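In what follows, a structure is listed as structure tokens, so that the remarks can point back to it.
The values are calculated or read from the model by the stated rules, or taken from the named source; none is laboratory data. Please read all numbers here as calculations on a predicted model, not as lab measurements. We work out accessible area using only protein heavy atoms, side chains counted, and drop any ligands, DNA or RNA first. Shrake-Rupley method; radii C 1.70, N 1.55, O 1.52, S 1.80 Å.
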Amino acid sequence: MERFASRILWFSMVVLMFNCVDEQKRFENQYIWDSQNVTATAYNSLAYQTDANPNITAFGDSLKPDLKCIAVSRDLYRKGLKHNIPVKIEGLEGIYLVKDKMSDKWNNRIDIYMGQDVKAAKNWGRRRVCIEYGIPKKD
């Protein structure tokens with residue numbers, strides 16, 4: 001009986017894994033993906049790094065430490081990296097969403113949100129990375 005239960009558990013895990021892969025592919029197929037090299041820095045939701053409302057983005061979204069999101073420079077915003085556009089960042093896992101805009105003084109730059117983990121943001125530093133971003137397909 002124990003052997004049967006472990007086989008069912010293994011089979012369930014395999015099915016779940018493939019369903020997640022299929023779901024991600026369906027999500028990714030909703031977009032036309034483009035790439036660009038950018039400068040990537042990191043930021044935290046702390047008043048001294050942002051403003052008096054460090055948990056509210058330029059789009060009015062609320063930031064929470066576990067969110068995978070980025071701020072983009074205004075030139076990237078004009079190129080199509082608008083609110084909630086998905087972004088893959090070289091060297092990081094998962095898909096990040098555009099949730100914030102940066103000051104006008106920056107060009108060709110993203111700022112990766114790292115919650116309140118200042119050490120992680122400092123360890124990231126500033127580096128050149130390739131990003132892939134999805135522009136929604138028109139039906």
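Laid out as a table, the results:
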read-out	value
The range 42-133 - percent of accessible surface contributed by carbon and sulfur, probe 1.4 Å	46 percent
Amide proton proximity set for Y31, modelled H, under 5 Å, gap of 5+	K137
Under 5 Å, built H, 5+ apart or other chain: amide partners of Y43	I112, Y113, M114
I56 long-range amide H proximity, modeled H, under 5 Å	L63
Whole-Hz ³J(HN,Hα) from phi, Karplus 6.51 cos²θ - 1.76 cosθ + 1.60, for the range 75-82, glycine and proline x	5, 5, 4, 5, 7, x, 7, 8
